[in-house]
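The values are calculated or read from the model by the stated rules, or taken from the named source; none is laboratory data. From a predicted model like this one, the values you see are computed outputs, not experimental measurements. Here the Cβ positions follow ideal geometry from the backbone for every residue, glycine too, while neighbour counts run over all protein chains shown. Only protein heavy atoms, including side chains, enter the accessible area calculation; ligands, DNA and RNA are left aside. Shrake-Rupley method; radii C 1.70, N 1.55, O 1.52, S 1.80 Å.
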Amino acid sequence: MVNAIGCIELNSIARGYLVADAMLKSANVEILFNRTICPGKFMVMVSGDVAAINAAVETGLRVGGGEVVDDLIIANVHPDVFPAIAGTRVVEHTAALGIVETFSVAAIVEAADAAVKAANIELLEVHMAMAIGGKGFVTLTGDVAAVQAAVEAAADRIRDKGVLVDKVVIAQPRKEVLEGKV
């Protein structure tokens, strides 16, 4: 049963490829992401059962050594996290808007999972490090109280890592804010 994800974020692109290979060879996991991210970092994210993820991440951390920036293991990842990462989530109506921003890709995935597990909200997007200087952010919507609870849960989950940039809740965002016009 695929119910867990693991992620390793590295400072070295070359080491990232080596870590990905080692993780795949060490356990029965599947690559979700294996790519460069800004600014010149590399991310490997895998899925599988909890035991396989633990083994793969342990191997990846050992191989990654001093090039590891951050890592995560989420044993029972919420199913809404995947479409939010992939950008395939369709939400017809937004109420309050919550945003959590981090300095780490691994941390933003952890934050998104914590948020959606903490309150009755919908994840809009989990944006991971592309064209934003290596940061990550998650956007979510729901009623104001739920969004506030979800944002606080997300921030609490990653606070000890020291990678929280900011968190906000907008009670009634204008629709233009979400349209992303250039």
Quick check, is E101 open to solvent by 40 Å² or more (accessible area, probe 1.4 Å), touching a residue at least 12 places away in the same chain (Cβ under 8 Å), in contact with a strand residue (DSSP E or B) (Cβ under 6 Å, 6 or more places away or on another chain) and in a strand (DSSP E or B)?
yes
Listed by range, strands (runs of 3 or more DSSP E) wholly within segment 1-79 having at least 3 residues that are touching a helix residue (DSSP H, G or I) at 6+ places or on another chain (Cβ under 9 Å) and open to solvent by 10 Å² or more (accessible area, probe 1.4 Å) are 30-37, 68-74
Check off (1) touching a strand residue (DSSP E or B) at 6+ places or on another chain (Cβ under 9 Å); (2) of a type outside the set (G, A, S); (3) modelled with pLDDT of 90 or more for D21 and give me the number that stays unchecked.
(1)
Does V177 fit the bill of being open to solvent by 60 Å² or more (accessible area, probe 1.4 Å), of a type in the set (V, I, T) and out of contact with any Cys (no Cβ under 9 Å at 6 or more places or on another chain)?
yes
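Residues checked against (1) assigned to a strand (DSSP E or B); (2) in contact with a Leu (Cβ under 8 Å, 6 or more places away or on another chain); (3) under 24 Å from V46 (Cβ atoms):
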| site | (1), (2), (3) |
| --- | --- |
| A106 | no, yes, yes |
| A114 | no, no, yes |
| L124 | yes, yes, no |
| T139 | yes, yes, no |
Checking M128 against (1) buried (at least 20 other Cβ atoms within 10 Å of the Cβ); (2) in contact with a Lys or Arg (Cβ under 7 Å, 6 or more places away or on another chain), the condition it does not meet:
(2)
Which pairs have Cβ atoms under 9 Å, sit 6 or more apart or on different chains, and link a residue in segment 71-89 that is over 19 Å from R35 (Cα atoms) to one that is at pLDDT below 85 and basic (K, R)?
D80/R89
